[in-house]
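Trainee: This structure is in structure tokens; I'll ask about it shortly.
Computed from the coordinates by the stated procedures, all read-outs in this text should not be read as laboratory data. Everything numeric in this text was worked out from a predicted model, so none of it was measured. Glycine gets a Cβ as well: all are built from the backbone with ideal geometry, and neighbour counts include every protein chain shown.
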Amino acid sequence: DGRSLMRGGGGGDGGGEDEREREVFVEARLGYEEYGWSPVYGLVRERWKYVHAPRPELYDLGSDPGEETNLVAAEPRRAEDMRLALQRYLDLDVHVSGAAGIDAVHVDPGHDRALSALGYTAGGGLARPGEDLPDPKDMLGAAEKLARAKSLLVSGPARDPLGAFVLLEEVLSVNPANGDALSWLGREAWREAAAKPDDPQRAVYVEYSRRAFERLRERAPERPEGEFGLGLLAALRDDSGLAITHYEKALALDPRHLESLENLMRLRHLGGEWAPAVVLSARILAIDEHHREACQYGGLSYYRAGDHPAAIRLLTRLLPARGPEQHNGLHFVLGECYRSSGNPAQALEHYAEVQEPDRTAQGVPALELQCRQALEAARR
């Protein structure tokens, strides 16, 4: 029931504990961080539970364990007393909109460091400062619409993207800070536009996606998702320069934003910018040392730049290759790297791995002959 056992464990009778030792502090921030709802904080003292939200709640857990009867109006003095006690507990930077009393409380640096050391980091929501956020109790209908929208985006005969996008817009009309709805709308509308270039509705998908990502950027300018999404849309229009600008802005906000690193690496490589592509590959591998695409693009960029030993180090991490196309291309490039590095025996092994019909197209028989001639010359 929230009591401290420390005094009793020391051999005493457990008496003399102060009021705070008979209290349990409760917080619920997921709705705030993901859906743009007001954060909810509570205090349990003996049989009483007080919930601080835009519409506060007070329950007598002894007679009402199901928390069905809100006693704030019937027990105003008790509710106010517990509200004041809760206000003394709070050390997090929060804003519970619409609720009397606690408007904003500030982070205690010592508590903040202690929580961080334990691995607890409270994320930020998409609410604007001072914005009235909805009470979670009022968002059940919006939550149901969000769930229905997600179900319409699952692959299968029931998939209905436009129907889902309409529902997501309805959610956002009553809950504009709902980051989950904005993210789903932006990502899924972009996917539809990318997958269906000839669809008559493609322009509609692009517009849904653009508006969602712009709202994400506006509401959370310190987070990378909005800039990243706008980069996706620029790439969809084949505007590589603008896409690069957005991805770089996303990385300025979060240097470890993996999707921005991946897309920027691809664009740098495809644009023939070998040195930047290699740097981006290294940044990705510092996050995920088994990232195959980073090994691929980094290795190929090293190969194009003429650093064959570095290319070999990355490309050999892709063996065995996945699929015949990657198999042939990978072994051909490795053969080239070893041949250029003065190792015809290793080169010959990789050229021999290139399968039909790519052997003739890649000129492998001629390269094999060069390697054999080099080996014979070395023996002599």
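Trainee: What does the charge dipole of the stretch 254-380 about its Cα centre add up to, to the nearest 20 debye, if the Cβ of each Lys and Arg holds +1 and the Cβ of each Asp and Glu holds -1? All intermediate terms of the calculation are to be shown ahead of the outcome.
Mentor: Values: 14 positive and 16 negative charges, 72 e Å.
I would put it at about 340 debye.
Trainee: Next question. Got a sec? Which residues in the stretch 184-208 would a label at L30 touch, if it sits 7 Å along Cα→Cβ and we count backbone N under 19 Å?
Mentor: 184
Trainee: Now a separate question. Percent of Cα-Cα pairs per 10 Å bin, from 0 to the last occupied bin, for the stretch 202-279, please list those.
Mentor: For the stretch 202-279, the pair-distance distribution reads 21, 50, 24, 5.
Trainee: Take each of the peptides 285-293, 204-212, 224-232, average the number of other beta-carbon atoms within 10 Å over its residues, and list them starting from the highest. Walk me through the numbers on the way to the answer.
Mentor: On the way: 285-293: 13.0, 204-212: 20.1, 224-232: 24.8.
Highest mean packing first, the order is 224-232, 204-212, 285-293.
Trainee: Among L233, N263, P276, whose Cα sits farthest toward the positive end of the charge dipole of the stretch 209-283 (+1 at Cβ of Lys/Arg, -1 at Cβ of Asp/Glu, about the Cα centre)?
Mentor: Farthest towards the positive end: L233.
Trainee: Starting from the Cα of A361, step 7 Å toward the Cβ, then list every residue of the stretch 307-351 with an amide N under 11 Å from that point.
Mentor: The answer is 325-326, 328-329.
Trainee: Kindly put K137, K145 in sequence by how many other C-beta atoms sit within 10 Å of each C-beta, fewest to most. Spell out each step's value before the answer.
Mentor: Values: K137 14, K145 21.
Fewest-to-most ranking of K137, K145: K137, K145.
Trainee: Got a sec to turn the phi values of the stretch 276-293 into Karplus ³J(HN,Hα) couplings, 6.51 cos²θ - 1.76 cosθ + 1.60 with θ = phi - 60°, whole Hz, x for Gly and Pro?
Mentor: So the J values, rounded to whole Hz, are x, 5, 5, 4, 5, 4, 5, 5, 5, 5, 5, 8, 9, 5, 9, 5, 5, 5.
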